[in-house]
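The values are calculated or read from the model by the stated rules, or taken from the named source; none is laboratory data. Computed from a prediction, not measured in an experiment: that's the story for all the values here. Neighbour counts run over all protein chains shown; Cβ positions are idealised from the backbone, glycine included. Just the protein is used for accessible areas: all its heavy atoms, side chains included, with ligands, DNA and RNA removed. Shrake-Rupley method; radii C 1.70, N 1.55, O 1.52, S 1.80 Å.
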Amino acid sequence: SYLDLTAPECHIQAPWLQRAAMDNLEYQMEFNRLTGRQGETQPAVAGSDGVAKTEEGYSWTQTEDELELVVPARCDDADAVVTAKDISVVFKPNKVQVKNKKHSREPLLVSIDLFERIDCDGCTWTIEKGKNKEVKVVLTMEKVEQALWPRIEN
């Protein structure tokens, strides 16, 4: 069933909205008590707390303000050295793409339809070199809305 709310009832200062967070917390605590899970907390949101969330072909972390994406820059030729000139990164408000020109069979490394919008002007990328010619593309994206995302992809 649906509720019809008036504009004042939807205002941030509405009494029911002010109580909602505390009511939810009390409900969770009671549920944990009943199920023997006292003292447990909810797991952290994916990619938060500095712990990278690994997906197919990339990993990512987030804060409320930013999203960091790490993409291995794989190559056809194991002896090839990947440089910034070989990488193409496209930032769009709801999408990000990373291509590697040195990977002739599959130049597209990742193409992600993002969960929420990013500010393209606040996005940067860099190359991170590791051991054995391992190269990663590190993208830093500024979120339009400050919030933790439950996932990276829409």
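How far is helix 15-34 tilted, in degrees, relative to the longest principal axis of the Cα atoms in the chain, given as a value from 0 to 90 rounded to the nearest 10? So the inclination is approximately 80 degrees.
For Gln38 and Glu128, the difference between the fully extended length at 0.36 nm per residue and the C-alpha to C-alpha distance is 28.1 nm.
Go through Lys136, Lys101 and list them by solvent-accessible area, largest first, probe radius 1.4 Å. It would help to have the intermediate numbers written out before the result.
Working: Lys136 65, Lys101 135 Å².
Correct descending sequence by accessible area is Lys101, Lys136.
A Förster radius of 30 Å combined with the Cβ-Cβ distance from Gln97 to Asp49 puts the calculated FRET efficiency at roughly 0.65.
So what is the accessible area of the chain per residue, in Å², with the probe set to 1.4 Å? Numbers along the way, then the final one.
On the way: 10830 Å² over 154 residues.
Per-residue value: 70 Å².
Shape call for the stretch 6-59 from the C-alpha gyration tensor, a ≥ b ≥ c root eigenvalues: rounded (a/c under 1.5), prolate (a/b greater than b/c) or oblate?
Details: a/c = 3.88, a/b = 1.42, b/c = 2.73.
It comes out oblate by the Cα gyration axes.
How large is the Kirkwood hydrodynamic radius of the chain, counting all unique pairs of alpha carbons, in Å? Before the final figure, lay out the partial values.
On the way: mean 1/r = 0.0538 Å⁻¹.
This gives a value of 18.6 Å.
Tell me, rounded to the nearest percent, the portion of alpha carbon pairs in the stretch 86-150 spaced more than 20 Å apart. Show your work: numbers first, answer last.
Details: 697 of 2080 pairs.
So the portion of pairs separated by more than 20 Å is 34 percent.
Determine the share of the chain's accessible area contributed by carbon and sulfur atoms, expressed in whole percent, with a 1.4 angstrom probe.
Working: 5420 of 10830 Å².
C and S atoms contribute 50 percent here.
Within the listed set Lys92, Lys133, Lys102, the residue fluctuating most in the Gaussian network model of the chain (springs between alpha-carbon atoms under 10 angstrom) is Lys133. Summary value for the stretch 41-154: 28 percent relative contact order, contacts being C-alpha pairs under 8 angstrom separated by 6+ residues. Among residues other than Ala20 with Cβ under 14 Å from its Cβ, the summed charge is -2 (Lys and Arg +1, Asp and Glu -1). Comparing Glu134, Glu56, Glu142 in a Gaussian network model of the chain where C-alpha atoms under 10 Å apart are linked, the largest mean-square fluctuation is found at Glu56.
Keeping all protein chains in place and using 1.4 angstrom, which order do Tyr27, Tyr58, Tyr2 fall into by accessible surface area, from largest down? Could you put the intermediate results ahead of the total?
Numbers: Tyr27 145, Tyr58 15, Tyr2 215 Å².
The residues order as Tyr2, Tyr27, Tyr58, largest area first.
When the Gaussian network model of the chain links Cα atoms closer than 10 Å, the mean-square fluctuations of Glu68, Glu55, Glu26 top out at Glu26.
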